[in-house]
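The next block holds one structure in the form of C-alpha cells; read it before the comments.
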C-alpha cells in the first residue's frame with residue numbers, strides 16, 4: 001500500500017508511462033503476496049491429525065541363585081524393535097507427515113510370578129536418529145504396577161526425532177531386582193500424535 005501511495009504522490013504527465021509500469025509491478029507484487037498467504041491458509045485447513053500408539057511386551061527372567069555360595073544374580077536385560085510404519089495411518093500418510101510428537105509414555109508390569117522391587121533400572125529408546133534414556137530406582141514389580149517416563153530431561157524431543165525418522169528403533173530395558181528366581185513382562189506403551197497434510201509435509 002505504501003508503494004502505491006508513493007507512486008501516486010510522485011505522479012506527473014512527464015513520467016506517466018513510467019508510473020503505469022511501476023503501478024503494474026506493484027499490483028503484481030501485492031497480488032503475489034496475497035496469493036501465497038492465501039495458499040498457506042488453505043493448505044493448513046487440510047491438516048489431518050491422528051494418534052499413533054504402540055505397545056511392546058518384553059519378557060524378563062531372573063534366574064535362581066547358583067553356585068556354592070548361592071549368591072543372588074538378580075540382573076536382567078531385554079530389548080525389542082519397533083517399526084513406526086506398522087501403524088496403518090502412519091503408512092497411509094508416511095511421506096506427508098508434518099509433525100510427530102509424544103503424548104505419553106508408560107511402562108507396566110504383567111505376568112509377575114513373584115513380587116519384587118526394581119532397585120535400579122534403565123529404559124532406552126535408540127536409533128540412528130537419536131537416543132532417549134530414563135533411569136528408575138525402587139519401583140515395585142507387581143501385576144498391573146506402572147510408571148511413567150517423563151520429559152524432565154527433554155527426552156520426549158529426542159523420541160520425537162526417532163519417530164519422525166520413520167525407521168525402526170530399539171527399546172532396551174535392563175536393571176537389578178532385590179530377589180531372584182522369578183519372571184515378569186515389561187510392557188511399554190508409546191502414545192503419540194501426528195499431523196499430516198495431503199498436499200505435502202512442507
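The values are calculated or read from the model by the stated rules, or taken from the named source; none is laboratory data. Source: prediction; values computed, not measured. All Cβ positions, glycine included, derive from the backbone under ideal geometry; neighbour counts span all protein chains shown.
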Determine whether region 108-116 contains at least one residue that is under 21 Å from residue 81 (Cβ atoms) and free of Cβ contacts under 8 Å to residues at least 60 places away in the same chain. no
Residues (surrounded by fewer than 16 Cβ atoms within 10 Å (Cβ to Cβ) and either touching a helix residue (DSSP H, G or I) at 6+ places or on another chain (Cβ under 9 Å) or closer than 15 Å to residue 162 by Cα (or both)) located in region 114-130: 128
Of residues in region 186-202 being at pLDDT below 95 and exposed (fewer than 15 other Cβ atoms within 10 Å of the Cβ), the one nearest to residue 64 (Cα to Cα): 201
Has region 165-185 got any residue that is touching a helix residue (DSSP H, G or I) at 6+ places or on another chain (Cβ under 9 Å) and either part of a helix (DSSP H, G or I) or modelled with pLDDT under 95 (or both)? no
Exactly one of (1) surrounded by 14 or more Cβ atoms within 10 Å (Cβ to Cβ); (2) closer than 22 Å to residue 48 by Cα is unmet by residue 92. Its number? (1)
Can you name the residue in region 187-202 that is assigned to a strand (DSSP E or B) and over 15 Å from residue 81 (Cβ atoms) and, of all such residues, is farthest from the chain's Cα centre (by Cα)? 187
Tell me whether region 122-139 contains one or more residues that are touching a residue at least 24 places away in the same chain (Cβ under 8 Å) and over 19 Å from the mean Cα position of the chain (by Cα). yes
Options 32, 38, 67: the member that is more than 17 Å from residue 171 (Cα to Cα), at pLDDT below 95 and assigned by TED's automatic domain parsing to the domain that holds residue 138: 67
